[in-house]
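Working notes, beginning with the structure itself.
The values are calculated or read from the model by the stated rules, or taken from the named source; none is laboratory data. The model shown is predicted, which means the values in this text are computed figures rather than measured ones. No Cβ is skipped: glycine too gets one built from the backbone with ideal geometry, and neighbour counts run over all protein chains shown.
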Ligand code: GLA
C-alpha cells in the first residue's frame, strides 16, 4: 500500500474527490503478535501490539444511504454502494472492510448513514500485519463517533469480528482488532480472549539493546481460504472430545490423557494451542521479571509448535526464522495467522545488519522474492487525528 499521506494532503484529496469537506480523519494501526497464535478463537491468551504502520480514513457522513469510497493506492477506483442493500460478501478488495463494519453496526441496531471515505494506508497487505483490521478499526472508530453510537472498545472489537466472520467470510478471532483498538505506545496488549480483559505490558526492546525485526516474506495469504478454517474446526473438535467449552480450559497436564482420546492430527492441533497458551503466560511473566532479553526461547518454541504441530508455517517463514537465529537473533517466530506473511526476530542491535543481510541473501539463494525487513515498536491504538 502507499506511504502515509499527511492529513492535510488527505483532506485536500478528499475535497477534490467528493466536492465537500470531510468530518474528520481517523487512524488505526496494524499489529504484530509477540506470542499467542491461534489461541484467540480458543478463548485463550494473546500478546500482540499495535505498530506504527496505520490506515487513515478521511470520512464524511451523508444524508442518504450511499457510500462512496476511494483509496490513495488505486486498485478499484471509486467504489459505490448503497447501505440499504448491503448483503454479506458484497464489494470487493478493501471496500469489503468499511462495508463490513457498516453492516455490523446496522446489525446492532445502529442507524448508519451513507458516507464518503478516502483511505490511505501503509500497512502492507497480505503480510500478516492485519491491514484489513487497520481499515476496519479506523472506519468503525469514525462511525462510532459520527453516529453518536458511543460503543465501548470491547463492543467495537466484537462488531469488527462480525464484519470479518460474516461479511468478509474469514472465521478469525478477536486478537487483531483488540491490538488495533486497545494498543498503547510502548505497551504490548495481554488479552484474555474469554472475557476481553486487557493488561498492558511494557515492551521496551530498545532499553535491553534489542530490536524487533519484522520480515515480510511477501508470501501472501488469506484467512478466508481453507487452512485457517480447518485449523479452527480441529480445535473445536478437540474441545468437544475433551468435554470442555474451549481449549482454553485444557491445561498442559491433560495432554497425556488427550493423546489417548484424539486422532493424531487433532492431537497435534490441540497440543499447539494448549502449549501456546502456556507460553503466553510464561512470556508475560518473564517480561515482567527479566525483560525482553529473556523471552527468546519462548518465541523459538512457539515457532516450532506452529511449524510441526499446527502446520501453518511455510518454507519462506522457516527460512526467515532459521536464518535470523543462525545470525544472532535471540528468538524468532512466524507471526499472525500463517501460511505466509511475516516472521519476527528479536535481535541485538549490534546483530541487526547481519540478520538483515543474511535473510536477504538466503532468500536470493533459495529463489524467493526479496523480503521486506523493518523494525517495529509498540505504538498508539486507533484514534481521531483531526
Ligand atoms: C489472524 C486472525 C486472528 C488470529 C491469528 C492467529 O491474524 O485474524 O484472529 O487468530 O490469525 O493467531
For this session: Return yes or no: is residue 132 surrounded by 24 or more Cβ atoms within 10 Å (Cβ to Cβ) and either more than 20 Å from residue 112 (Cβ to Cβ) or within 10 Å of the ligand (Cβ to nearest atom) (or both)?
Result: yes
Exercise. Just checking, which of 260, 173, 150 is surrounded by fewer than 17 Cβ atoms within 10 Å (Cβ to Cβ) and outside any helix (DSSP H, G or I)?
Worked result: 150
For this session: Kindly check whether there is at least one residue in region 195-214 that is on the phi > 0 side of the Ramachandran plot and in the same structural domain as residue 269 (by TED's automatic domain parsing).
Result: yes
Problem set entry | residue 152, sole failed condition from (1) more than 17 Å from residue 344 (Cα to Cα); (2) at pLDDT 95 or above; (3) not assigned by TED's automatic domain parsing to the domain that holds residue 128 | (3)
Seminar exercise, completed: For region 155-176, pairs from a residue that is touching a residue at least 24 places away in the same chain (Cβ under 8 Å) and within 20 Å of residue 247 (Cα to Cα) to a residue that is assigned to a loop (DSSP other than H, G, I, E, B) and away from the ligand (no atom under 11 Å from the Cβ), with Cβ under 8 Å and 6 or more apart or across chains, are 174/196
Exercise. Checking residue 200 against (1) part of a helix (DSSP H, G or I); (2) in contact with a strand residue (DSSP E or B) (Cβ under 7 Å, 6 or more places away or on another chain), which test does it fail?
Worked result: (1)
Exercise. Scanning for something outside the structural domain of residue 317 (by TED's automatic domain parsing), surrounded by fewer than 18 Cβ atoms within 10 Å (Cβ to Cβ) and either free of Cβ contacts under 8 Å to residues at least 12 places away in the same chain or within 16 Å of the ligand (Cβ to nearest atom) (or both), does region 177-194 turn up at least one residue?
Worked result: yes
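If you check residue 320 against the conditions, is it more than 16 Å from the ligand (Cβ to nearest atom), within 21 Å of residue 199 (Cα to Cα), assigned to a helix (DSSP H, G or I) and not assigned by TED's automatic domain parsing to the domain that holds residue 176?
It is false that residue 320 is more than 16 Å from the ligand (Cβ to nearest atom), within 21 Å of residue 199 (Cα to Cα), assigned to a helix (DSSP H, G or I) and not assigned by TED's automatic domain parsing to the domain that holds residue 176.
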Exercise. Can you tell which of 32, 61, 67, 21 is at pLDDT 95 or above, in the same structural domain as residue 147 (by TED's automatic domain parsing), under 30 Å from residue 335 (Cα atoms) and in contact with a strand residue (DSSP E or B) (Cβ under 8 Å, 6 or more places away or on another chain)?
Worked result: 32
Problem set entry | Subset of region 3-58 [away from the ligand (no atom under 16 Å from the Cβ), in a loop (DSSP other than H, G, I, E, B) and either under 20 Å from residue 381 (Cα atoms) or free of Cβ contacts under 8 Å to residues at least 12 places away in the same chain (or both)] | 3, 4, 5, 6, 19
